[in-house]
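K.L.:
Have a look at this one before I ask anything.
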Amino acid sequence: MTATAPPNGFRTFIILWLTQSLSGFGTQITVFALNIWLATVLFPAAEQRAELASAIAIMSIAIAIPSVFGAPLAGAWADHNNRKRTMMLTDALHGILTIIELLLIYTQNFQVWTLGVTVFLHGLFHTFHSAAFDTSYSSIVPKAQLARANGMMQTTQSLSGILAPGAAAFIVSLPSLARQGLIGGDVGDWLASLPNGVILALSIDALSFFIAAIVPYFLSVPSPVPSPNSTPQATQPAKPGLWHDVKIGAVYIWQRRPLLWLLAIFTIANFTGWPVFMLMPLLLKFNLAADWAANGYTFETATALMSTLGSLGGLTGGLLISTWGGLKTRRIYGVVLAMLGTGIAIMAIGMSSWFYLAVAANFLYAGLIPIGNAHSQAIWQGQTPPELQGRVFAVRRVIAQFTWPLSTVIAGYAGGVFDLSLYITAMGVICVVFCTGRLFNPVLRRVEDKAYLDSLAAQAVAKSA
């Protein structure tokens, strides 16, 4: 499969980067606004904690299932279909779906089940859009500029996480400010007539999606086309399908057990870490309310501060690992120690009754994730042949993240029944205990020994034969 890079390819990428970053910023605003809507409009009462936890769980499961299990299908689609049309179509569908959500909230008909359906569809569209956009880099951007292009996307994602909560908190508060007479004129009258500010956030998100859908029409975004040498001959077998590709990736990992242990770390880290993010609105609303209220915050501003500092921690960790470059040998310790640190941070978040301590622990948690991910990615890239990385990495993602939906279901139930602090602390303990044990795992410590991994694979092949 080949694709011809367009002239002025990096300029094309800059335009796409700007529009996609705008769309990503709008989406971050919507996510924050919907959490505020759930906690303050749909389930505002303290006795509705179980319903709030269930609603957040449903939203999390709805985004997790297509994101995790749809990745192999979306990747295959991107390899065999027009990528520009895929990006335009999915962004347009995002925009239409956001308008539907806006109208349902405006008419007060937006319920938990409709939220689950629309979030699932958003997750599905995002999975296909990401596969098309991410695989377009190499056909748009000159090879020498690929690292810069990836860095630009990572930076804007982090900045969106930092800036969006504050922007969303301000946007959501506008109707209330207008009703208090702090915003006058026709604009103030119109804002005061809105039932809540979530509608404004969704309007901005929908507009950003439509802009992102229209702009690629005027750009050259090549898709790979079959080359003469890649066309199957009449005497050749049919081209292997998706499940054959998945099997190749799965067998490659299975035959190299140290890679399975490496995956296990992230499987446990995702299982224990996701509830922290998911249950944070409940933790702030019920467990930390007395302290942030004593410091003069509202629920919206406390949530914005927690989210913003968490994103700032992620940006700090990313800048640190980019500047430092990470460990050059024994990278496995960069993985295990970083994930061990996230477990300690989770425990601190769970046990804290002080708002600022929880914010600091969340900053640490988010900052350690890029460090662990960078070392893990370096190991995988070094141990997997380039021609197999797409298939192997797709299977790797499914294995590492399949606990995301599972932990969401458990956390949704536990958040409404058990003490939140105890549950989150228990997740941290599980992560710490498991990662500590991996420090003494002799098989895992050899994960960077390629000759050892290849010998394990050869033994597995000989045994099966």
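K.L.:
Report the number of Lys pairs in the chain whose alpha-carbons are under 23 Å apart, with separation of 8 or more residues or on distinct chains. Mind showing how you got there, number by number?
P.N.:
Values: Lys84/Lys143; Lys239/Lys247; Lys247/Lys450; Lys247/Lys463; Lys328/Lys450; Lys450/Lys463.
Value for the chain: 6.
K.L.:
Subtracting the Cα-Cα distance from 0.36 nm times the residue separation, let me have the gained length for Asn81 to Tyr333 in nm, one decimal. Show your work: numbers first, answer last.
P.N.:
Values: separation 252, 0.36 × 252 = 90.72 nm, distance 4.06 nm.
Result: 86.7 nm gained on full extension.
K.L.:
Quick one: length gained pulling Gln459 to Val433 fully straight, 0.36 nm per residue minus the C-alpha distance?
P.N.:
So the extension gain works out to 6.2 nm.
K.L.:
What distance in nm lies between label points placed 7 Å from Cα along the C-beta direction at Gln111 and Leu18?
P.N.:
4.5 nm
K.L.:
Then there is this: Between Val187 and Tyr452, what length in nm is gained on full extension when 0.36 nm per residue of separation is reduced by their alpha carbon distance? If you can, show how the numbers build up before the last one.
P.N.:
Details: separation 265, 0.36 × 265 = 95.40 nm, distance 6.84 nm.
Result for the pair: 88.6 nm of gain on full extension.
K.L.:
Based only on other Cβ atoms within 10 Å, what is the fewest-to-most ordering of Phe209, Phe418, Phe10? Don't jump to the answer; show the numbers that get you there.
P.N.:
Numbers: Phe209 26, Phe418 11, Phe10 15.
Fewest to most other Cβ atoms nearby, the residues stand as Phe418, Phe10, Phe209.
K.L.:
For every helix of n ≥ 4 consecutive DSSP H residues, a contribution of -39,500 (n - 2.57) applies; sum these over the chain, divide by its total residues, and give [θ] at 222 nm rounded to the nearest 500 deg cm²/dmol. Before the final figure, lay out the partial values.
P.N.:
Details: 19 runs with 354 residues, N = 465.
Rounded to the nearest 500, the figure is -26000 deg cm²/dmol.
K.L.:
Check every DSSP H run in the chain and write down those whose alpha carbon atoms cover 27 angstrom or more along the long axis and whose mean Kyte-Doolittle hydropathy is -1.0 or greater.
P.N.:
Numbers: long enough: 9-37 (41 Å, 0.97); 49-69 (30 Å, 1.62); 83-106 (34 Å, 0.81); 112-134 (32 Å, 0.92); 146-179 (50 Å, 0.67); 257-282 (39 Å, 1.36); 299-324 (37 Å, 0.90); 331-351 (31 Å, 1.76); 355-383 (43 Å, 0.61); 420-438 (28 Å, 1.68).
What comes out of the filter, once short or polar helices are dropped, is 9-37, 49-69, 83-106, 112-134, 146-179, 257-282, 299-324, 331-351, 355-383, 420-438.
Where a number appears in this text, it was derived from the coordinates with a stated rule and is not lab data. These numbers come from a predicted model, not from an experiment. Please note: Cβ atoms are built from the backbone with ideal geometry, for glycine as well, and neighbour counts cover all protein chains shown.
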